[in-house]
Structure formats: structure tokens, C-alpha cells
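**Student:** Provided herewith is a single structure, encoded as C-alpha cells, for subsequent inquiry.
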Amino acid sequence: MVTSSTEEISSTMVRQPIPIGVRIFDEIKRKRLEQTIRMFNKLKGDIWQLTPAGDAQVVIFSPEEAGGEVFLKSALDNNKIHPVIYAKKNNSTCPWFIDQAGGSLACMNTLADVFRSINKKKHKSTESSAENKSNDINPFINRIKSLTRSQIVYKNLLSIYVNVDSEEVCIEKPQLNSIALDKLRKVFETIGIGNIEVREISSSEFEDGKAKSSIADLSLSNFFWEMAINDKQASLFDETKASKYKLERWPNFTRLQHKYEHVVLAAFFRRFAADIDTASAKTGIPAEVVVSFLNATHLLGIEVIADENSISFTKEANLTPKAPKTVMQKVLGTLFKEKIH
Amino acid sequence: MAQLKIVFTGTVGAGKTQAVEALSEIPVLKTDVQATDEVVDLKDSTTIAMDYGEMAISDGETLAVYGTPGQKRFAYMWDILSRNALGIVILVNNSRKDPIEDLCVYVNNFKQHIENTTAVFGVTHLDKAKNPAEEMNKYYTFFEQQGYHYPVFPVDARKRNDVNVLVESLLAMLEVG
Ligand SMILES: Nc1nc2c(ncn2[C@@H]2O[C@H](COP(=O)(O)OP(=O)(O)OP(=O)(O)O)[C@@H](O)[C@H]2O)c(=O)[nH]1
Ligand SMILES: [Mg+2]
């Protein structure tokens, strides 16, 4: 879905979403375009803000519709607006064109180009001011910062620093195995920090770089956990699609956001090796929650594939609770009631 | 039906009294006395018999929350307090000399209760350590070696959230059996 062209997007220098309007009168086409823009935002972070065409900085329109030609002329004269043509072909001097037949991919590619062009202009206008530059931190990095305050991490697994200049996330070499590193890259890609390079470096280089970086010693565990645990539509990150999983350790629930069902899943997978359907059936927790839980533990590096020594949970077996479920419910009710206050 | 209860036990100064206070909706009944012995450098008071708190769980029903004394010389109370408990919460004061050794004292003394019900562990006073994550690794490794599937969390007994997580995971352990 993510094309090579949109992959290069960096949201450096952009602090606020760019207002974009769709001035297309054909209801179906307009809705489709708006949907594509929302998808773009989902993939790349909130880059666009859908607004009425009159308030927008970028306007998608069709010269083939009534009034289209007039709009194009005034937009080209007034260089505050970036007009983007949505049509079968482009007969004008307008540099931005979405091929109607190209589907959402064509639209995303063009929007990625428009974004880069706006970005470049902004960059130029602020480049002269050194102060401006140093304050202009990638919103993604800010996001990492806000999500990774916790000092005590479950496993000291993902300590990083960010080289803002080269837009690199640097990780000390022995910290990650290659599978985890691949996952890390994939996660960075999915959340839209295309050209930030995730690079493994030696310990000494790491120490040097860390000392120079303004953003260092971040632990990404919480960040990844929150992202994965809240993503109910995700498919299993572990591409091996092993038949049975178990947990090597408990997730650190005093520091990680969770619901009671995640705690039950931890208790279950710590005790038994099981496949997703069995875990879901025996605990009564929906399969998509089991998947998001396994994804989150996978990113922490505490989920393991069961071997023949694991105690497997078979389809025939049943859980034997050590207290009636009503007791759990009553106590939980009070705990969480209290939590709100 | 016997009253539902959970028991907080563990090392001296680990925060058992504090945890019972965090959960209880009534003023905690304490048997703290001024410390004169091994804990005197650590804190002013120590529990000699028990702490007792309560949470209302549904119409008229309550969950009793007990704290045991930490010191071994009051160990006769441990068994008495644990009878018929839903499960045991063991707190370990990481700032003591050999916290893993401490942990073993409680695991062994509460063995029968843990087998019949379940247990969860909280490591406290980690804020005093230089590298808390490193400190936690000791416990993870120990649990691995022992083949324990019980949870062990970094905990600050002064934080209601942390104490809640201990109870929450105790319930989850009971549910899984
Ligand atoms: N710094 C720090 N202090 C803590 C922590 N947990 C508890 N405390 C404090 O440690 C002190 C001892 O706590 P208590 O609740 O009296 O300990 P106890 O386990 O009941 O001790 P005994 O009854 O003597 O066995 C209190 O002042 C708590 O506030 C923690 O994680 N960090
Ligand atoms: Mg006490």
C-alpha cells in the first residue's frame, strides 16, 4: 500500500497538518478522495487536515467540472494555493496531477509530492535561522518522547537515540536480534516515519552519538506496547505464524497501559502454550485481542514460540479457576471504580 | 461463607502496611509499634501482628486485606493470617542486602498456601537503585530458574496504581487456575 514515493516522506519541519480541500462536486469521487486522504494520514501521521476548499492551502479539483477552468486560472495566479488536478489527463501547466484512473495509489503519490514541495519551501524560508532549525523537531520524535518517559522498562531492550540531523534512530548493536530489528523498521514505516533510518551501531559509536544527541536514552518499549495493544485490526507480527505461543516473562503491567483481559492473557500464556483460537476460546477473550496482545509482547521480545517441552493447552482441556468468576468480577469492579477517582 | 481476603506479606519495610492502606476503604487497623530492633535504622514503626483493611465489593460483602508482619520473629502470624485467603501478595524490599534470599524465605514459608491458591510478587524500593531495570533482571532470572510462572512487577507501594496491578494480576492468576 505504501509506495516508494510516499515512503520518502519526512514530516520534518511540519508542525501542523496542512489544510486540504476537495473541490469536487461528484459525490462519489469526492468521498473517495477524502477517504484516501484519511488513509494517507493514518499511514504517515497527521499530515493533512481536511477543510472546506475555501480555507485550504491545497485544493484538489477537476477542470472537467463546471467552473474548474476558472478556479485553476485564479489558483495559478494566486500562489498561496496549491491546485491539484484530478482528471483523466492534464492539459494545463499545473504541476500537480492525480490520474483519475490511478486509484488511491496515484492520489497518495501526488499528495506526497505536493507535501514535499511545501516542505521544501518552508525549509528554505526557515533555514537561515539556526535557532528555528534546532527547535524544529520532527513531530514523530516528539511523539516518541512523550510516550517513553518511563524509566523502569521491562527489559532494557530498546534504548535508542535519535540523530536529528541525519534523521536516524540509532540502536546499540547487541540490543536487538535481527528479527526484532526488522520489526522495528516495519513499525517505524507503518507509523509514517519513512526516511528515518534505523541503524544498528557499535557500542562505542553509540556512546559517542548519544552524548551528542538531544534525544537520547529513550526506551521505546512503552511506545511499541501501546501502539500494538491498541491496534485491534493488526495481523500477527510474527510472520512465522507459529502454531503455539507462550510468554517468557510477564509484561510489566505496573508500567504498561492495559486492560484486565490482557492480564488474563499474560497469566494464560505464561502458564500454557497455545494457539490463538484456543487461547481465545478458553479465556473467552476475542481473538483480535489475543492477536494484539501477542503483537505487543512480541515487540517487547517476551513472546516465544512454544517448543515440545512447553505445557500445551489442548482444545479438550478447560481452565480450572481457583476462585469463582463472580469473585473476580466483584473485586475488579471495586478496583476500577476506585481507579477512576 | 467465609469472608473473602487477600494477604500482603514480604520483607521488613517492603511496604505491606502501605499497600493495605492504599486499598482499604476503612481506616486501617494497625498493630505497628515503635521500632527498636533490626528495623530501627529503616523506619520508625513495624508491624507486630497484622494490618487489617477492607474494600466493599458488593451489597454488604467485603474483601478483607491483611498485611502480615515482615519480621521473622513474628512468623507465627503468617500461617494464621493466610488461612482461606484467595491468594498471597509477596512484596520484596530490594534495598536490603540479599533480596532474593529474602524472597526465598517467604516463598518457602507460604509454599502450601501458594500451591493451594496463587501468588504475585512486587519488588519495592527500586527507586533507590542506580539501574532499576538491571535490578529487575535478577528477579526475572531467578523466576526463570525456578520455573515460576507467577508475575513479578516493579512496584512502589505508595502508588495506588501499582497496588491495583498486584491485585488485578492475582485475580487473573486465579482465573487461569
Ligand atoms: N522509596 C520508597 N519507599 C517505599 C516504597 N514502598 C514503600 N515505601 C515506604 O517504605 C516505608 C515502609 O513501609 P511499610 O508499609 O511500613 O512496610 P512494611 O512492609 O509494613 O514493614 P514491616 O511492617 O516492618 O514489615 C514506608 O515509609 C513506605 O512509604 C518504594 O517503592 N520506594
Ligand atoms: Mg507493616
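**Student:** What order, most packed first, do the peptides B:95-105, B:56-66 have when packing is the mean number of other Cβ atoms within 10 Å of each residue?
**Tutor:** Output ranking for B:95-105, B:56-66: B:56-66, B:95-105.
**Student:** Per-residue ellipticity at 222 nm for chain B, helices alone: DSSP H runs ≥ 4 residues times -39500 (n - 2.57), over residue total, nearest 500 deg cm²/dmol?
**Tutor:** -11000 deg cm²/dmol
**Student:** Residue by residue, what Karplus-based ³J(HN,Hα) values in Hz, rounded to whole numbers, does the range A:84-98 have, using 6.51, -1.76 and 1.60 with θ = phi - 60° and x for Gly and Pro?
**Tutor:** 10, 7, 10, 7, 6, 8, 10, 9, 9, 8, 4, x, 9, 9, 10
**Student:** Now, a different point. Could you give me the ³J(HN,Hα) list for the range A:16-21, computed from phi with Karplus coefficients 6.51, -1.76, 1.60 and θ = phi - 60°, whole Hz, x at Gly and Pro?
**Tutor:** Whole-Hz 3J(HN,Hα) from phi for the range A:16-21: 10, x, 8, x, 10, x.
**Student:** While we're here: Tell me whether the range B:87-142 comes out rounded, prolate or oblate; compute the Cα gyration tensor, take square roots of the eigenvalues as a ≥ b ≥ c, and use a/c under 1.5 as the rounded threshold.
**Tutor:** Prolate is the answer for the range B:87-142, as a/c is 1.5 or above and a/b outweighs b/c.
**Student:** To continue, here is another question. Enumerate the amide H contacts of B:Val123 below 5 Å, restricted to partners 5 or more residues apart or on another chain; note that Pro and chain-start residues carry no placed amide H.
**Tutor:** Counting only residues 5 or more places away or on other chains, the set is B:Val92, B:Phe153, B:Val155.
**Student:** Within 10 Å, count the other beta carbons around each residue, average over each peptide in A:58-65, B:4-11, A:300-307, and list them highest first. Spell out each step's value before the answer.
**Tutor:** Numbers: A:58-65: 21.5, B:4-11: 24.8, A:300-307: 18.8.
So the peptides A:58-65, B:4-11, A:300-307, ranked by packing, come out B:4-11, A:58-65, A:300-307.
**Student:** On to the next question. Please go through the residue pairs A:Lys244/B:Lys130; A:Lys282/B:Lys128; B:Lys97/B:Lys159; A:Lys330/B:Lys16 and name each one whose alpha carbons sit more than 30 Å apart in this structure.
**Tutor:** A:Lys244/B:Lys130; A:Lys282/B:Lys128
**Student:** As a footprinting exposure proxy, order A:Trp48, A:Trp96 by other Cβ within 10 Å, with the fewest listed first.
**Tutor:** With the sparsest Cβ surroundings first, the list reads A:Trp96, A:Trp48.
**Student:** Hey, another quick one. Where does each of B:13-23, B:116-126, A:247-257 land if you order them by average Cβ count within 10 Å, highest first?
**Tutor:** Put in order of decreasing packing, that is B:13-23, B:116-126, A:247-257.
**Student:** Could I ask something else about it? Using alpha-carbon positions, what is the distance between the centroids of the range B:140-177 and the range A:280-341, in Å?
**Tutor:** Measuring centre to centre over Cα atoms gives 14 Å.
**Student:** Place a point 7 Å from Cα of A:Ser74 in the direction of its Cβ. Which residues in the range A:14-42 have their backbone N less than 12 Å from it?
**Tutor:** none
**Student:** Amide H of B:Ala49 versus every other amide H placed in the peptide plane: which residues, excluding those fewer than 5 positions away on the same chain, fall under 5 Å?
**Tutor:** Counting only residues 5 or more places away or on other chains, the set is B:Thr31.
**Student:** Here's a follow-up. For peptide B:86-95, what's the mean number of Cβ atoms from other chains within 10 Å of each residue's Cβ?
**Tutor:** Mean shielding by partner chains, rounded to a whole number: 1.
**Student:** Give the shape of the range A:241-339 as rounded, prolate or oblate, defined through the alpha-carbon gyration tensor: a ≥ b ≥ c are the square roots of its eigenvalues, a/c under 1.5 means rounded, and otherwise the shape is prolate if a/b is larger than b/c and oblate if not.
**Tutor:** Because a/c hits 1.5 or more and a/b fails to exceed b/c, the range A:241-339 counts as oblate.
**Student:** Something else now. Name the shape class, rounded, prolate or oblate, that the alpha-carbon gyration tensor gives for the range B:3-176, where a ≥ b ≥ c are the square roots of its eigenvalues, rounded holds for a/c under 1.5, and otherwise prolate holds if a/b is larger than b/c and oblate otherwise. Intermediate values should be presented prior to the final figure.
**Tutor:** Working: a/c = 1.45, a/b = 1.12, b/c = 1.30.
In terms of gyration-tensor shape, rounded.
**Student:** Enumerate the calculated ³J(HN,Hα) couplings along the range B:7-24 in order (Karplus 6.51 cos²θ - 1.76 cosθ + 1.60, θ = phi - 60°), each rounded to whole Hz, writing x wherever the residue is Gly or Pro.
**Tutor:** So the J values, rounded to whole Hz, are 10, 9, 10, x, 5, 3, x, 6, x, 5, 4, 4, 5, 5, 5, 4, 8, 5.
**Student:** Further, regarding this structure: Between B:Ala129 and A:Glu226, how high is the FRET efficiency from 1/(1 + (r/R0)^6) when r is the Cβ-Cβ distance and R₀ = 25 Å? Nearest 0.05.
**Tutor:** After rounding to 0.05, the efficiency reads 0.50.
**Student:** Over all residues in A:262-271, what is the mean tally of Cβ atoms on other chains that come within 10 Å of each residue's Cβ?
**Tutor:** Values: counts 2, 10, 7, 2, 6, 14, 5, 2, 8, 5.
What the average comes to for A:262-271 is 6.
**Student:** Same structure, new question: Say each of A:Ile311 and B:Arg96 gets a label point 7 Å from the Cα, pointing the same way as Cα to Cβ; how far apart are those two points in nm?
**Tutor:** Placing both labels 7 Å along Cα→Cβ, they lie 2.8 nm apart.
**Student:** For peptide B:142-152, how many partner chain Cβ atoms fall within 10 Å of a residue's Cβ, on average?
**Tutor:** Working: counts 0, 3, 2, 0, 0, 0, 1, 11, 4, 10, 3.
Per residue, the average neighbour count from other chains is 3.
A short reminder: the numbers here are calculations on the coordinates, not readings from a lab. Treat the numbers as computed from the prediction; the structure is a model and nothing was measured. Using ideal geometry, Cβ is built from the backbone for each residue, glycine included, and neighbour counts are taken over all protein chains shown.
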